[in-house]
Structure formats: structure tokens, C-alpha cells
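A quick write-up on the structure given underneath.
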Ligand SMILES: Nc1ncnc2c1ncn2[C@@H]1O[C@H](COP(=O)(O)OP(=O)(O)O)[C@@H](O)[C@H]1O
Ligand SMILES: [Mg+2]
């Protein structure tokens, strides 16, 4: 008997609540609130002792069905599980009750949670940008295999921490189908990665890269599903808790992608006969460029955002003027800065055009690809100032786009929609447009290739830019003067010596 959606609105109950006794379960039966009791978590299965730990694989029962939230467990089955577990703690996985297994609540799942706990108890081994560069610089087969093994052991640990976070969300949030979908994806990836055998040869490394590429592709649905799912739960958890959870999820996701993409890029470099010349010319080591040039990046992104604004509005977009120390070079992942500046300039362009261009001159649906991008715009320019300090690079994007109204400004970093917008701003409610965007990697490329409509308001441009900036220890601040304009300040660390920020 599966229970209906439980009548829960207490904020502190989680999927894997573990502070209840059997007595409590029975006591709670009538209220429809069920817990996973401490007894189950405390059962020691002897076969866990033979589990090889995070760096080896394949000796534990494997299943890709993650432990379910308890809403689908009947009281009867739960009690049977407890009795089963306490009577036969030593051979739990070999005598799994088939019905329980089908329902997704077998002792095997409790066993799985214990494996998860082993990974959660391990610290994340963060790296610095400098380490990424040094490691990839004098690439040898041995180093590539070594870094492959680091990624192979690190990804499941990072995933385990996030699975654990999802399990600790309030119970009602776990019943959201979108959150449940992300949870399933994470479990399946965790299982795949933790069971991947140690990398001993280049062939093993190639196979690992292929597997990781598949996972990266599979996980493109994560941002849209998470953003919509958590937004739908806004009424059930405080905004602060939602934001803390989402920023952690997104930072961790970015970190896993960086590790994975660096390994894939280094491996591709290794197989590329022109690899050395490439390094010499582009200064690239995997996905890191050792010679990022601030002016080049701003100019590239300005051109892209002006073009798409022209396409959308059918008028000559505002100019982007550069100021300050433009020839600053530094080591960074260019994709990250490009994304941040792309989002900031898009916002500025839209603000300036919508505030200053006469409505009659805007033809929203007209494509103007054939009109050359003119520099002489009558609109107030957007000014980008670059300042290069000894440890950080500062970039300020300054516009006269009318500023951000208070009711929007106070929630630009938020993933919650519990705050109410006035009726004329209703259409700007965050994340609704993700219905039209099933997949998202969070890159400029996917927007330029029109896989994601670049000017569709998704509400994630600023939050994701914040994640990118803070990941390597930088910062993003937005100051606005409602009625006049907005200044965005980006701080990027230039020494590459800060550890990944995953908090
Ligand atoms: N420079 C700006 N000028 C005017 N409004 C802005 C500016 N930057 C951000 N905003 C406001 O903040 C909102 C959130 O921005 P963002 O996170 O980029 O999401 P999106 O652009 O997809 O709506 C925008 O919809 C817009 O209303
Ligand atoms: Mg935006």
C-alpha cells in the first residue's frame, strides 16, 4: 500500500530523517508522517566490511535504484524491515525481500545509504587553478593516469555530498518530481563512478573519459529541473535555506564539470599530434588559458551581445566602451569569464534599449542579420572598466539602463519565488521560462548556437554568474540606482592560488 502525499509542513523533516524510534513511527502513523528510524541506520551489515572504499570498485551490491523517500513505504513494510534488519543483520543483502526491493525500500537501499555515508564522511579534496595548470603543463602518460584516478575518486565524493544534501531537504521537497529526478540522476552517476575500476592504462583513461562525457550530457537537465523544482517548493522552505542549497548544488556541479572537462581536454590534447604547438600558440592547458586577455574577452563578448540585441530589437545597440588597464593578462578558464560578462552585458543592453530607445523604433521580432553592426548608436554607451591589482582583476560594467526596481533587486540572487511581485511584473516571475529550456550547460556557446534563446528571461543569469565568479574565490556585486542605471563589479583572482569555493 503506497501512501498518499504526506501531510507534512514542518520544515525540519527530511527524506532521511533519522531521529525517530519505532515507537515514533507507530505514533505518527495516523498523521501520515513516516520516518526512517535510527535502528535501521544503526544496523551493521557484515558485508560492508569488505567494501573496498572509494578508490577501488565492484565488490559491493550494485543497483542503480536509489533509496526512495519514505512517502512510498507502508508502515507494515517499514516495520518488517526493522524486524528483518534486527533479526538478520549479517546477511541482509543476500535475503532481500522481493516486494521491498520492487518498492525501492529493501535493506539493500539502507545498505546503499551506508555506502553513501562512507563517501560523505570523506572530505572533498579541493584544487587551485594553479594546480590544474601545473599538472597539465608537462603532461606524461603517467600524470594523465594519475589525474584520471584523482577525478575518478573525487567525483563520487562530491556527488555523495550533494545526494546527502538532497536527502536532508524537508520531506515535502523530496516529493517534488523534478527534485526526485535530479536525485535519481545523481544516484545513478554516483553508482557508475564509484564502481569504475582504477585507471591503469591510457585505454582505461579513454574509457573513463567516454563514461564521464556521457554523464555530462545526461546531466544537462539538472539546472532546469532543479531551478523549477526548488522554485515550486518555495512555499515550504525559507528563502535562505533554498538559496543555500541551490548555490551549493550549482557550485559543486560546476566543480565536477571543471574536473571532468579538464581531464577530457587533457586526454584529447594527448591524443592530438599537434598538441605542443597548440599550447605554444593559444596558451591553453586543458580548459585553462594561461594568457587570458581582458580586452580581448570584453571585445569578443561585447560583439556577441550587441549582435543579439540588434537581432532582437532591430535597432543599433548601445556601444561598449573600454576603459582602464585593458591589456591585463592572467590565467583563467576563459569560458567562465565569458559567461559572466555575457550575462552582464546582455542585461545592460536590454536595460539601455528598453529605457532609451523610442518604442516606435524597436521591432522586436525583426531579424536584422543583414544590417552591419554599427558603432554609432544614439543610446547611452555601456562602459566597461578594467583594473588590474596585484592579486585581483576588477571589471566594472556600467550602464544607464534605468536601474533595477527594488522589488526585483532584492531577489536577483534568489532561487525562491515566495516573494510576491506586483501584477505588472508577474511575467518576470523567475524560472517559469525553463519550461521552454529542457537542457542547460551554462555556457555562452549554447546561447550563441541558439540551443538556448539568449534573450529569454530565465532568471538564472545573475545567480549563475555569481557561482562562476565565486568558484575560484572571486566576487560579483550589483549596485543599482533605480531610474538611472546599474553597475556590476566582478572581482577575479589573478594568482590562481585560491582553492575552489564549494561552500
Ligand atoms: N543592468 C540591468 N539593468 C536593468 N535591469 C537589470 C539589469 N541587470 C539585471 N536586471 C534585472 O534583473 C533581472 C534578473 O536578471 P538575470 O538574473 O540576468 O535574469 P534574466 O535576465 O534572465 O531575467 C532581469 O530580468 C532584470 O529585470
Ligand atoms: Mg539576464
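Every number in this text was worked out from the coordinates using simple rules, so none of it is lab data. Every value quoted in this text rests on a predicted model; they were computed, and no experiment measured them. In this analysis, Cβ positions are derived from the backbone assuming ideal geometry, glycine residues included, and neighbour counts consider all displayed protein chains.
Remark: 387, 233 ranked as 387, 233, counting other beta-carbon atoms within 10 Å and listing the fewest first.
A viscosity of 0.692 mPa s and a temperature of 37 °C, combined with the Kirkwood radius over C-alpha pairs in the Stokes-Einstein formula, give region 126-286 a diffusion coefficient of 192 µm²/s.
Neighbour counts of other C-beta atoms within 10 Å: give me 194, 295 arranged from fewest to most. Before the final figure, lay out each step's value.
Details: 194 27, 295 16.
Starting with the residue having the fewest Cβ neighbours, the order is 295, 194.
With the simple model of a label 7 Å out from the Cα in the direction of the Cβ, residue 134 to residue 220 spans 3.6 nm.
With Rh defined as the Kirkwood radius, the inverse of the mean 1/r over Cα pairs, the Rg/Rh of region 293-493 is 0.94.
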